[in-house]
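Where a number appears in this text, it was derived from the coordinates with a stated rule and is not lab data. Since this is a predicted model, take the numbers as computed values, not measurements. Here the Cβ positions follow ideal geometry from the backbone for every residue, glycine too, while neighbour counts run over all protein chains shown.
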Amino acid sequence: MTTRTLSPLDRVLVEIERALETVFVATPVATRPSPADDLPEPEFDDIARRHAAGLMRINHVGEVCAQALYFGQAAMARDEAVRSQLLAAASEETDHLAWCGERLEELGSRPSLLNPLWYAGAWTIGAGAALASDRLSLGFVVETEHQVEAHLGEHLETLPPGDERSRAIVRLMQEDEARHARNAQAAGAAELPPPIPALMRLASKVMKAVAYRV
């Protein structure tokens with residue numbers, strides 16, 4: 001049995017398909033059940049529901065960006081082992097995307113209207129990092145996942161009292177992100193030079209402020 005080698009056009013079409021699925025399918029098929037499945041829906045007032053939806057929309061955008069970042073990195077990775085690791089992490093991020101999308105529906109809300117923009121920006125950053133080197137690309141994974149892990153911790157504190165459905169999703173996402181960072185570190189990630197981490201934190205703050213509402 002032979003394995004087909006993808007042409008440049010094939011690779012472009014694959015990336016287009018991935019982008020369309022990530023941006024326009026709010027609840028893709030997850031490979032794992034949602035950690036919220038067996039938990040009751042809390043009683044919310046309108047303010048608490050909108051706040052929970054805003055936080056979960058931020059998390060959904062974060063997963064759109066994570067997919068884009070990993071796919072951009074994988075598309076330009078030189079080492080096949082690095083590419084496989086990035087695509088495996090992207091598969092778990094698909095679960096996160098599905099869980100956040102489902103939770104948004106339960107809260108009577110929707111994903112960010114700017115998801116195409118978020119995806120395009122993150123894919124470009126991921127591809128650029130991979131073009132520089134695989135080690136720098138893995139360094140982006142480590143820094144990104146550490147920052148995501150931190151903001152998920154903030155969400156665990158600020159979600160409305162009693163919203164254990166959202167918290168269960170956020171907790172498992174946080175565990176997965178920490179593991180992705182450890183795996184990238186073990187694979188030889190390079191430490192990002194300043195001011196890249198600070199710029200990433202600034203971009204994240206802007207994204208969170210906008211995605212909470214739009």
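Taking amide hydrogens as placed 1.01 Å from N in the peptide plane, the amide H of residue 26 sits under 5 Å from that of no residue at least 5 positions away in sequence or on another chain. Semi-axes of the equivalent ellipsoid for the chain, computed as √(5λ) from the eigenvalues of its C-alpha gyration tensor and ordered from largest down, come to 29, 19, 16 Å. The convex hull defined by the C-alpha atoms of segment 91-171 has an orientation-averaged projected area of 6.1 nm². Using a simple spin-label model with pseudo-atoms 7 Å out from Cα toward Cβ, residue 205 and residue 80 lie 4.5 nm apart.
Here the relative contact order of segment 56-214, from alpha carbon pairs under 8 Å that lie six or more residues apart, stands at 30 percent. Among the trypsin sites (Lys or Arg not before Pro) in segment 149-214, those placed in a DSSP loop whose Cβ has at most 12 other Cβ atoms within 10 Å are 213. Across the alpha-carbon set of segment 1-53, the Rg to Rh ratio works out to 1.26, Rh being the Kirkwood radius. Evaluated over the Cα positions of segment 25-88, the convex hull gives a direction-averaged projected area, one quarter of its surface, of 5.8 nm². Only one residue of 128, 71, 6 has its Cα farthest out toward the positive end of the dipole of the chain, where Lys and Arg carry +1 and Asp and Glu -1 on Cβ, and that residue is 128. If you wrap the tightest convex hull around every Cα atom of segment 42-125 and split its volume per residue, you get 76 Å³.
Rounded to the nearest 20 debye, the dipole size of the chain about its Cα centre is 680 debye, using +1 on the Cβ of Lys and Arg and -1 on the Cβ of Asp and Glu.
Compared with the direct C-alpha span, the chain from residue 37 to residue 16 gains 4.4 nm at full extension, assuming 0.36 nm per residue. With θ taken as phi - 60° and the Karplus curve 6.51 cos²θ - 1.76 cosθ + 1.60 applied, the whole-hertz 3J(HN,Hα) list for segment 18-25 is 4, 5, 5, 5, 5, 7, 10, 10 Hz, x standing for glycine and proline. Taking 0.36 nm per residue of separation and subtracting the Cα-Cα distance, full extension of the segment from residue 9 to residue 171 would add 54.4 nm. With 0.36 nm allotted per residue and the present C-alpha distance subtracted, the residue 91-residue 131 stretch has 12.2 nm of extension available.
Around the Cα centre of segment 124-209, unit charges on the Cβ atoms of Lys, Arg, Asp and Glu (plus for the first two, minus for the last two) sum to a dipole of about 140 debye. Comparing 114, 97, 55 in a Gaussian network model of the chain (Cα springs below 10 Å), the most mobile by mean-square fluctuation is 114. Going by neighbour counts of Cβ atoms within 10 Å, the residues 12, 148, 142 line up, fewest first, as 12, 142, 148. Each of residue 164 and residue 150 was given a label point 7 Å from its Cα along the Cα-to-Cβ line. The distance between the two points is 3.1 nm.
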